[in-house]
1. Give all pairs with beta carbons closer than 9 Å in which a residue from region 8-21 that is closer than 18 Å to residue 61 by Cα meets a residue that is hydroxyl-bearing (Ser, Thr, Tyr); count only pairs at least 6 apart in sequence or on separate chains.
2. Suppose we keep only residues that are touching a Gly at 6+ places or on another chain (Cβ under 7 Å) and in a loop (DSSP other than H, G, I, E, B) within region 45-84. Which one would you say is least open to solvent (accessible area, probe 1.4 Å)?
3. Can you say whether residue 28 is touching a residue at least 24 places away in the same chain (Cβ under 8 Å) and closer than 22 Å to residue 6 by Cα, as far as the supplied structure shows?
4. In region 1-44, what count of residues is obtained for those that are charged (D, E, K, R), open to solvent by 40 Å² or more (accessible area, probe 1.4 Å) and more than 12 Å from residue 91 (Cα to Cα)?
Amino acid sequence: MADFVKVASLSELASGAAKAVEVNGKSIALFNVDGTVYATDNTCLHQGGPLGEGTLEDDTITCPWHMWQYNVRTGENLEDSMLKLDTYPVQVEGDDIKVALGCGARPRAGPEGERGRAGLQGDSGRHCDSGRPDS
């Protein structure tokens, strides 16, 4: 089971906002979608743009550098669902936003392999589960 680490306060992340945070040396983007907080890698898969500085509209983040768009719930790129950001389990306890990195995601497969289900994934080769049903 992954350990959850406090990364921010809910009062710092208004509904409809995005924010970049550092977790154990890793840059993570947080997104508040109608009161539910999601976490993905902060780095756009295109050319490394900072997604936490992008524009969040509903559950879609737009990279500020070249306008690549991702679903923050699943990490999927809107133009190519085979491209996925790693996503991380989030817990909100009171005003504390906590993220777990330790459980990790399945490795990225080649073109013939599976890239992972639409859900919570992290960064080290195993699938994460936040206990929250996928939306």
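The values are calculated or read from the model by the stated rules, or taken from the named source; none is laboratory data. Please read all numbers here as calculations on a predicted model, not as lab measurements. So basically every Cβ, Gly included, is an ideal-geometry build from the backbone, and we count neighbours across all protein chains shown. Areas reflect the complete protein model, heavy atoms only, side chains present, ligands, DNA and RNA absent. Shrake-Rupley method; radii C 1.70, N 1.55, O 1.52, S 1.80 Å.
1. Partner pairs satisfying both residue conditions: 18/55; 20/27; 21/27.
2. So, considering only residues that are touching a Gly at 6+ places or on another chain (Cβ under 7 Å) and in a loop (DSSP other than H, G, I, E, B), the one least open to solvent (accessible area, probe 1.4 Å) is 63.
3. yes
4. Start the filter on region 1-44 by keeping residues that are charged (D, E, K, R), which leaves 3, 6, 12, 19, 22, 26, 34, 41.
Applying the additional criterion that residues be open to solvent by 40 Å² or more (accessible area, probe 1.4 Å) yields 3, 6, 12, 19, 22, 26, 34.
This time we only want the ones that are more than 12 Å from residue 91 (Cα to Cα), so: 12, 19, 22, 26, 34.
The number of residues fulfilling the criteria is 5.
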